[in-house]
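Chemist: Please find one structure pasted underneath; my questions will follow.
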Amino acid sequence: MSKTVKNISIASQEHNDLNGTQRAGIALGLIGLFIMTLALLNVEFPNKGYWLAGSITAIFSGIVLYSNSFYLNRVEGISNNHVWTSSLTSRGTVAYAIGLILTSFYVVLYWFPQYLGLSSEEGAANTGIVSFFDPLSLLLNGKPASQWFVYGTLYTIAIVGLGYKFILKYRHNKYQLVRTISIMFFQLGFAFLIPEILEKLNPEKAYFAKDIKNMWPLNYYFFDEWHLKNMINGGNLGLFMLIFGVALIFIISPILTYFYGKRWYCSWVCGCGGLAETAGDSFRQLSDKSEKAWKIERWMIHTVLVLAFVSTIAVIFTFLTNNPDMSFITKDQFVWGIVIFLGVFTTALYVFKRKDMDADAIYTMLSLVAIMVIAILMNYFSGNQNIFFVDSYKLREWYGFAIGAAFSGVIGVGFYPILGNRVWCRFGCPMAAILGLQQRLFSKFRITTNGGQCISCGNCSTYCEMGIDVRSYAQKGENIVRSSCVGCGICSAVCPRGVLKLENDTPAGRINSNEILLGNDVDLMDLINQK
């Protein structure tokens, strides 16, 4: 008889079996999802409120049970075991199945909400899973649920529930604990509960608050005519939302980015980043680290930013044309203000910061700005009512379809298990592009490295969700100042030698690509004295 020998090697690829508590947690979570699936299939539940509460409670209880048993019985520290052998985390069958389910859900959510049970007739009752969420929607905002309320609830459940799992996994790291609690707080409060409650408290007002922390250009409809009118006609609260939204864009965001880098938003506040950090944590190692991917990233994200900027200029121009009595500036003043702003901004960038930017980036930016200015002026002097010769709302509709829905939702989340958890943030988010430009050129934030301590294990590069080859910086002892870095701090958390440190210091000396600290290329004492 052959005797089974247990493999006790430290490098063993065997997967540990689930214990009873972990199995119970998974079972509870699946029961909660199964109840929602039955609702999706038009199963009518009596006392829907109790069934919905039971479903959500089962999901949260399952996550807590599984996470407590899995992480609290282990020594503190990050153990990314089996990420390249698990079918879920290494683009296996399970990963593709989940990706297909998520992608299909987003397609239905954006373009076929009737299949979720949303009523297509005014005043008619919802069915399906939309009807299943009616009790919660009536409690919070006083109205029957929409597909967006269902999505917002599921989104919040994912961030809060899997945020708890994330906290246990990174419980030894204070930065990760505080950052994750911040994400959970802003999603639950500012993105979900407060807007819904405000709507219930102001039923006679136009709907003007959706996600309070979501700002332009990520919130691409902020300057749309319907949204501006709703805020202007929304009384004191609507006016506050308008002023606060503009202040976020032009005052609050630049100041916070100067002091803390883009991480204050992308890794502490943003809902897209929040879902990526919590629900997408298992897939961060899938981000492409190749130079080709980096070049594609630079072109795509800045192209999206230009499209967002162009479509916004178009809809504001149309709003000012159609509603001159609702604005304190005229469309002529707006056009010349945009032209002057673009001219001053790009000139200042070229004169003072061109040495800190790659040559292709600065000349591409100058070319795009020149094209925009020429198009604006040609259209202005021609008397056309559409500033870019295309109907502004048709332009916005195209942007909303391609970027706001297909890219950010269908691809951005649906492709988590295939392309990594920051596909949207890395390749498409216009907010990330703006904050990244500020971070690169004007911020105090950097990740410092101690090249003498680096053992080239590669953990930092492997788990960088933004596809940055962190190890190449660490090996040289070079500061990491990248536009794409969201400051999540995972590279520092997984480093076994403490090589990487997130810091805020003076902007001077952040970008030191010529200071190679491994050999005799730099007079180290002179460098230290300079700093």
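Values quoted throughout were computed directly from the atomic coordinates according to the rules given, and no laboratory measurement underlies them. Quick caveat, the model's predicted, so the values are computed rather than measured. Using ideal geometry, Cβ is built from the backbone for each residue, glycine included, and neighbour counts are taken over all protein chains shown.
Chemist: Of LYS205/LYS394; LYS331/LYS355; LYS355/LYS476, which sit over 32 Å apart, Cα to Cα?
Modeler: Cα-Cα > 32 Å for LYS331/LYS355; rest within.
Chemist: What list do you get for LYS143, LYS262, LYS210 if you sort them by fewest beta carbons within 10 Å?
Modeler: Numbers: LYS143 15, LYS262 31, LYS210 18.
By the 10 Å Cβ count, ascending, the order reads LYS143, LYS210, LYS262.
Chemist: What is the distance in Å between the Cα centres of the stretch 65-118 and the stretch 290-333?
Modeler: Centre-to-centre (Cα) distance: 34 Å.
Chemist: Provide PHE240, PHE283 in ascending order of the number of other Cβ atoms located within 10 Å of each residue's Cβ, fewest first.
Modeler: Values: PHE240 14, PHE283 27.
Fewest-to-most ranking of PHE240, PHE283: PHE240, PHE283.
Chemist: Let me ask something else. In what sequence, highest mean first, do 439-447, 169-177 appear when ranked by Cβ atoms within 10 angstrom?
Modeler: 439-447, 169-177
Chemist: On to the next question. Simple spin-label model, 7 Å along Cα-to-Cβ: ASP332 to ASN73 in nm?
Modeler: 7.6 nm
Chemist: Can you give the helix-only mean residue ellipticity at 222 nm for the chain, where every DSSP H stretch with n ≥ 4 adds -39500 (n - 2.57) and the sum goes over all residues, rounded to the nearest 500 deg cm²/dmol? Let's see the in-between values first.
Modeler: Working: 24 runs with 293 residues, N = 531.
Estimated from H runs of four or more residues: -17000 deg cm²/dmol.
Chemist: Of LEU342, LEU239, how do they rank once you tally other Cβ atoms within 10 Å and put the fewest first?
Modeler: Numbers: LEU342 18, LEU239 14.
Listed from fewest to most nearby Cβ atoms, that is LEU239, LEU342.
Chemist: Over the chain, what is the relative contact order in percent, taking alpha-carbon pairs closer than 8 angstrom and at least six residues apart?
Modeler: 15 percent
Chemist: Further question on the same structure: Measuring from label point to label point, each 7 Å out along Cα→Cβ, what is the SER367 to ASP325 span in nm?
Modeler: 4.7 nm
Chemist: Separate question: Counting GluC sites (Glu not before Pro) as exposed when in a DSSP loop with at most 14 other beta carbons within 10 Å, what is the longest stretch of the chain free of them?
Modeler: Here the longest segment lacking exposed loop sites spans 205-531.
Chemist: For the pair LEU177/ILE243, report the inter-label distance in nm, with labels modelled 7 Å from Cα in the Cβ direction.
Modeler: With each label point 7 Å from Cα toward Cβ, the separation is 3.9 nm.
Chemist: Moving on to the next point. In square nanometres, what is one fourth of the surface area of the convex hull spanned by the alpha carbons of the chain?
Modeler: Quarter of the Cα hull surface area: 29.8 nm².
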